[in-house]
Amino acid sequence: MLPLILRRVVEAVITILLLSMLVFSMLLAAPGDPAVSLLGRAAARPENQELLERMRREMGLDQPVYIQYTRWIARVLQGDLGNSNRNGQAVVGLIASRLPATLQLLAFSTILSLLIAVPLAVMAAQRRGSWLDRLLVLASVAGVAIPGFWLGLLLILLFSVNLGWLPPSGYTPFFADPLDNLQRSVMPVITLSVYLVATFTRFLRADLIEVLRQDYVRTARAKGLAERMVVWRHAMKNALPSLWTIVGIEVGTLLGGVIIVEQVFGWSGIGWLAVQAVNNRDYPLVLGVVLVIAAGFALITLVTDLGYTWLNPELRHQ
Amino acid sequence: MSTTLSTLGAMKGYQYVRRRLRSLSLSTLLVLGWMLLLTLMIVVPQLLTQAPPDRMAPTERLQGPSMTHLLGTDEFGRSIVSRVIYGGRTSLLIALSAVLLAALLGVPLGTLAGYYGGWVDTLIMRSQDALLAFPAILFAILLIATFGPSPVNLVLTIAIVYIPRFARLQRGSVLMVKSRQYVEAAHACGVPARGILWRTILPNTLSPLIIQATLSIAVAILIEAGLSYMGLGIQPPDATWGVMLKTAQTYLRLAPHYVLAPGIFLFLTVLSMNLLGDWLRDRLDPRAR
C-alpha cells in the first residue's frame, strides 16, 4: 500500500507544480508592468525612467523567465505570495483572514448534505420503483440543474424580503457573534447543499440498488438479519468507498460553486475576495487566491484517493 | 397521378412523424419542445417578441406582468420578455461556440493520444490533467482576470475548460475502438493511418462525444451565467440571463418578478439539456441499454 500512497503524493506534488507554472505564466501574460503599477502615476515622468529601470532590476524582471519562476516559487514555498496592489497588505494574510468563512460554508454544507442524502438514498433504494423513489429521482434531476445563485436569490426573496426571518447578506465571524454567524450561514449553506444532496442521493441510490442485489445480501437476509442491519451494516460497507469518492469530487467542485454563492450572500470568504480582486485589478491577490484554491483542490483529490485506498480492502491489503 | 402519389407520400411522412412522436414519453416531448423554443430564440428571436431588448421607457420602470409586458419591465422600462429572449440567445451562442471549439480541439488531441500512445499520449494527457485539476469557475476567473471580460474571451475560457474533458473521453473511446477487428482489417488492407483515424475510428467514437457535448452545453450555460452574474462575463447594457439576475438582485424588494423569468429560463434550459443528454445516452450508448 505504501508505494501506492507515495505515487499518489508525488502525482499531487507534480499537479501543484504544473498549476503553479500555469499561474505564473498568467502573471507574465497579465497586462501592465509591475514596476509601473508600483510607482503609479510618477512612472510616466521622464526623470523617473532610471528609477523604473532600477526597480525592474531589483524585482528581477530583467532575468530570464525560468529564473523569475524559480525565485517566485521559492518565495511562495516560504509563504510569501506578494502584496496586494490595492493596499499593500500581504496576500497571505488577506487570504488567511478570509479562509475560515469559506471553510465554514464547505464543512457545514457537506455535513448537512450527507445527513440528508444518505437516509434518502437508502429509502429510495429499498423501495425501488415506488412513488417515493420516483419523486426522489425527479427531485435529484432538478436539484442538479438548478443554478445555485438563482436558488440563493429565491431564498433571499422568500426568507428575507417576504418573511423577514433572515438577514439577506453579510458575514460575521463565528467567534465575534456565534448566533449571528449561524443565522447568516443558513441560506448559503442551503443553497450549496441542494446540489450536493441531489448528487449524493443519485449516486448512492444507484450504488445501493446494485449492492442490494448481491448474493451476500441475500445470505444476510436468509439468516434472518433485520433489514436495518442488512442495509446499514452489510450493504453500506460496500457502498462506502464510492460514496467517499463522490463526496471528494463534489467537495472539489464545491470550491468553484462557493465563489458564486459567496457573491450572492456577500459572505466575505476567499471566493468573494477573488472577485473583489479581479474587479480591483489586484493581480497578486487574484493569483494568490487561485493558487490557494487550486492547491486545496489538489489536496482534496489526494485525500479522496488515499481514503478510497484505505476504505477498499482489496487495495488496502495490496 | 403524380400529385396523388406525392400527396400519399406526404401523408405517410406525416403519419410516420406522428407515430414516432407518439412513441416518445411526455418528458421527452417537453424537452424537445423546449429545444425547439431555444432554436427559435437563436435563429429568429424577432418572431418571439416584437419589442427590441434595448428600447427604454422611463415611465414604465419596474412594472409587474401585464398584457403589454407579459413578464413586466426592468429598471429602464425595457421589456423583460424581450431581454430574456435576446439575452438567452447570447448565452446559448456563447455556450454552443465554446463547446464546439472545445470539441474541435479536444477530439483530435484525444484521438492522437489514444491512437499513437507512448510519449504522444503522456505529453498530451499530462498537460490536459493539469487543466482538469482546476475547478472550472476558478480557471475562468483566472483567464478573465488576465485577458479581461468580453464575449470572445468568455468563449475561449469556457472552451479551454472543456478541451481536456473531450480529449480524455475521446482517448478512452479510441483505445477501445482501436483493437476492434475492422480496424485491424483496415490496417491489413494498407489504409494509411490518417484514413483509418478519419474514416474508421472517428465515426465509431461519435456517440459518446454527442452525449458529452449535450451535457457540456448545460454546464457551459451555467458557467457563462455565473461569470456574467459576478460581473466577469457579458457587461451591461447587453443582456444575458446572468446579467439580468445580477440586476434583479438589486431590485428584489421593488420588483420581485424580475428575478423569476431569467432564472426559470436558465433552469429549464440546463434541465432539458441534462435530460436530453440522458435520453441520448439511453439511445446511443449500447452499454447503457
Taking N as the number of residues in the protein assembly as shown, the ratio of its alpha carbon radius of gyration to 2.2 N^0.38 Å works out to 1.07
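Rounded, prolate or oblate for the stretch B:91-289? Axes are the square roots of the Cα gyration tensor eigenvalues, ordered a ≥ b ≥ c, and the cut-off for rounded is a/c under 1.5. Let's see the in-between values first.
On the way: a/c = 3.38, a/b = 2.01, b/c = 1.68.
Judged from the Cα gyration tensor, the stretch B:91-289 comes out prolate (a/c at least 1.5, a/b above b/c).
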Kirkwood Rh, the stretch A:1-148, all Cα pairs: how many Å? 20.9
In nm, spacing of pseudo-spin labels at B:Gln235 and A:Tyr66 (7 Å Cα→C-beta vector): 4.0
Taking 0.36 nm per intervening residue step and subtracting the Cα-Cα distance, what contour gain separates A:Trp131 from A:Glu47 on full extension? 22.3 nm
Can you give the helix-only mean residue ellipticity at 222 nm for chain A, where every DSSP H stretch with n ≥ 4 adds -39500 (n - 2.57) and the sum goes over all residues, rounded to the nearest 500 deg cm²/dmol? -24500 deg cm²/dmol
Computed over chain B, the relative contact order (Cα-Cα under 8 Å, seq sep at least six) in percent reads 21
Express the relative contact order of the stretch B:34-156 as a whole percentage, based on alpha carbon pairs under 8 Å and six or more residues apart in sequence. 18
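Put B:Phe139, A:Phe297, A:Phe203, A:Phe108 in order of accessible area, largest first, 1.4 Å probe: what do you get? Spell out each step's value before the answer.
Numbers: B:Phe139 10, A:Phe297 35, A:Phe203 105, A:Phe108 80 Å².
Order by accessible area, largest first: A:Phe203, A:Phe108, A:Phe297, B:Phe139.
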Go through A:His234, B:His187, B:His69 and list them by solvent-accessible area, largest first, probe radius 1.4 Å. B:His187, A:His234, B:His69
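For B:126-137, what's the mean count of beta carbons from other chains sitting within 10 Å of each residue's beta carbon?
On the way: counts 3, 2, 0, 4, 9, 3, 2, 13, 12, 13, 2, 10.
Going residue by residue through B:126-137 and averaging, the value is 6.
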Tell me the accessible surface of B:Ile196 in square angstrom (1.4 angstrom probe, heavy atoms of protein chains only), to the nearest ten. 0
Against the rule of thumb 2.2 N^0.38 Å, how large the Cα Rg of the stretch A:14-77 comes out: 1.29
Taking 0.36 nm per intervening residue step and subtracting the Cα-Cα distance, what contour gain separates A:Met123 from A:Val303 on full extension? 61.9 nm
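Which whole DSSP H helices in chain A pass both tests: a Cα extent of 30 Å or more along the axis and a mean Kyte-Doolittle value no lower than 1.0? Mind dumping the intermediate values first?
Values: long enough: A:2-29 (40 Å, 2.08); A:91-126 (51 Å, 1.75); A:178-212 (44 Å, 0.81); A:236-264 (39 Å, 1.16); A:283-311 (41 Å, 1.82).
Those that clear 30 Å and a mean of 1.0 are A:2-29, A:91-126, A:236-264, A:283-311.
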Gyration tensor (alpha-carbon) shape descriptor, the stretch B:47-142, a/c threshold 1.5: prolate
To the nearest Å², the heavy-atom accessible area per residue of the protein assembly as shown with 1.4 Å probe amounts to 51
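According to the Cα gyration tensor, what semi-axes, each the square root of 5 times an eigenvalue, does the equivalent ellipsoid of chain A have, listed from largest to smallest in whole Å? Present the calculation step by step, with values, prior to reporting the outcome.
On the way: eigenvalues 428, 143, 39 Å².
Semi-axis lengths for chain A are 46, 27, 14 Å.
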Length gained when the stretch B:Ser127-B:Val152 is fully extended (0.36 nm per residue, less Cα-Cα span): 6.6 nm
What is the interface area between chains B and A, defined as buried accessible area summed over both chains with a 1.4 Å probe, reported in Å² to the nearest 100? 3500
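What part of the accessible area of the stretch A:14-77, given as a whole %, is carbon or sulfur when the probe is 1.4 angstrom?
Numbers: 2630 of 4280 Å².
Carbon plus sulfur share of accessible area: 62 percent.
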Let me check against my output: what whole-number percent is the relative contact order of chain A, with C-alpha pairs under 8 Å and at least 6 apart? 26
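List the DSSP H helices in chain B whose Cα atoms stretch 24 Å or more along the helix axis and whose mean Kyte-Doolittle hydropathy is at least 0.5. Can you show the working numbers first?
Working: long enough: B:2-23 (31 Å, -0.64); B:26-43 (25 Å, 2.42); B:80-116 (53 Å, 1.44); B:151-178 (38 Å, 0.97); B:206-229 (34 Å, 1.65); B:260-284 (35 Å, 0.96).
Long hydrophobic helices here: B:26-43, B:80-116, B:151-178, B:206-229, B:260-284.
The values are calculated or read from the model by the stated rules, or taken from the named source; none is laboratory data. Please read these numbers as outputs of a predicted model, since none were measured by experiment. Note that we place each Cβ from the backbone using ideal geometry, even for glycine, and neighbour counts take in every protein chain shown. For accessibility, only protein heavy atoms count, side chains too; no ligands or nucleic acids. Shrake-Rupley method; radii C 1.70, N 1.55, O 1.52, S 1.80 Å.
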